[in-house]
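The values are calculated or read from the model by the stated rules, or taken from the named source; none is laboratory data. Worth saying up front: this structure is predicted, and the values here are computed from it rather than measured. All Cβ positions, glycine included, derive from the backbone under ideal geometry; neighbour counts span all protein chains shown. Heads up: the accessible areas ignore ligands, DNA and RNA and are worked out on the full protein's heavy atoms, side chains in. Shrake-Rupley method; radii C 1.70, N 1.55, O 1.52, S 1.80 Å.
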Amino acid sequence: MVSSFEAVGQYSAGKIDETELTAVERLACPGAGSCGGMFTANTMSSAFEAMGMSLMYSSTMAAEDEEKAVSAAKSGEVLLDAIRKQILPHDILTRKAFENAISVIMAVGGSTNAVLHLLAIAHSAGVPLTLDDFEPIRARVPVLCDLKPSGRYVATDLHQAGGIPQVMKMLLVQGLLHGDALTITGQTLAELLAEVPDQPSPNQDVIRPWSNPIYPQGHLGILRGNLAEEGSVAKLTGIKNRQITGSARVFESEEACLEAILARQIQPGDVLVIRYEGPKGGPGMREMLAPTSAIIGAGLGDSVGLITDGRFSGGTYGMVVGHVAPEAFVGGTIALVQEGDSITIDADARLLQVNVTEAELAQRRAQWQPPQPRYTKVYWQNMPSWFLLAVWEQSLI
């Protein structure tokens, strides 16, 4: 999917012809299973393996390989054994487990969506976890794996190189993993990793040795500033220019921004602002894969910034910042940005700000009016009463 969107951007920029575009679209998905890079699906499966909720090596297996069937059968056996022993999710999903997951995600270069998902899972599990917990881990865990979207390899390559267990063993040796965390097998993480080598094989370059990481620190940064007082999330690796100050190009939707990119209306130095795409404004925090991929395809990935209160695909990379909060729909500062405003994105300072005086922002805020919701009817209103009753009864189980 990511390759197809990038190819659309290349085609619109005149870099490839229609024949090549069609070939990419037809060959982008070679088989069943999730997208091959360390995108959201593979990121979260890796996180669950790191948290001990799934079997070792299971998250990077190819969907169509025989070992996947073997792993699935073994998973069933382990699950039944866990039921007999009453090893419950709350026993496994501890604070240590979440810290292990964040460490692994940093090391493999995982998706920005992991921040959303881990916070939501922790909330459901009753484990205290906040946005501020990601930054200390990012600062001490290097990126060890050369994986797409910004790298060269895919999850099956990582599997052949030792998979998530190899990455976890390297972190464990360095004191960056909680080895005493319980897993679904009833064993601790350290027990399961006992036979895994301390360092990856020298006959591969998917997983770098500890002495030669891809990047010295993790890639998921939490940016703050007057544009993101409650925080925002960005990938800080795979970009040439770590700071950009440019003129705002403001769009009220993903579609409007994509249209401008494909029409070649975006110039180097621009900072695109896509707003009203957050949890309430989207609604549902829409994914900005189309415009971010089109930027890369058009050759603007190193010269154009993008910020949004929406989220990104795991395949997104470049100078892009998502999850901007407060979102525009509730009156966050991103709603006050005007065309041509100066915006600074600074990966090193983890700063996101609009370079406008507080007095000017206060004046704009006084004039701002919340927009009408994009949808005034909800799905539930059209559901028959028997269906709603069934859902309510299920929630009590």
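Structure above, values below:
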{"item": "Condition broken by I207, with the remaining ones in (1) among the hydrophobic types (A, V, I, L, M, F, W, C); (2) over 30 Å from H159 (Cβ atoms); (3) at pLDDT 95 or above; (4) surrounded by 15 or more Cβ atoms within 10 Å (Cβ to Cβ) satisfied", "result": "(2)"}
{"item": "Residue in segment 354-371 that is at pLDDT below 90 and among the basic types (K, R) present", "result": "no"}
{"item": "Residues that are assigned to a helix (DSSP H, G or I) and closer than 19 Å to N42 by Cα, drawn from segment 139-149", "result": "none"}
{"item": "Filter result for the condition that a residue is touching a Pro at 6+ places or on another chain (Cβ under 8 Å) and in contact (Cβ under 8 Å) with a residue 60 or more places away in the chain, over P200, P209, P165, P213", "result": "P213"}
{"item": "Matching residues in segment 339-348 - criterion: being farther than 13 Å from L272 by Cα and open to solvent by less than 60 Å² (accessible area, probe 1.4 Å)", "result": "D346, A347"}
{"item": "Filter result (assigned to a strand (DSSP E or B) and open to solvent by 10 Å² or more (accessible area, probe 1.4 Å)) within segment 300-318", "result": "R311"}
{"item": "Qualifying positions in segment 136-152 - open to solvent by 30 Å² or more (accessible area, probe 1.4 Å) and within 15 Å of S111 (Cα to Cα)", "result": "K148, S150"}
{"item": "Qualifying positions in segment 41-90 - open to solvent by 30 Å² or more (accessible area, probe 1.4 Å), of a type in the set (S, T, N, Q) and not in a loop (DSSP other than H, G, I, E, B)", "result": "S45, S75"}
{"item": "Given (1) buried (at least 18 other Cβ atoms within 10 Å of the Cβ); (2) outside any helix (DSSP H, G or I); (3) among the hydrophobic types (A, V, I, L, M, F, W, C), index of the condition L258 fails", "result": "(2)"}
{"item": "In segment 103-135, the residues that are open to solvent by less than 10 Å² (accessible area, probe 1.4 Å), touching a helix residue (DSSP H, G or I) at 6+ places or on another chain (Cβ under 8 Å) and assigned to a loop (DSSP other than H, G, I, E, B)", "result": "G110, S111"}
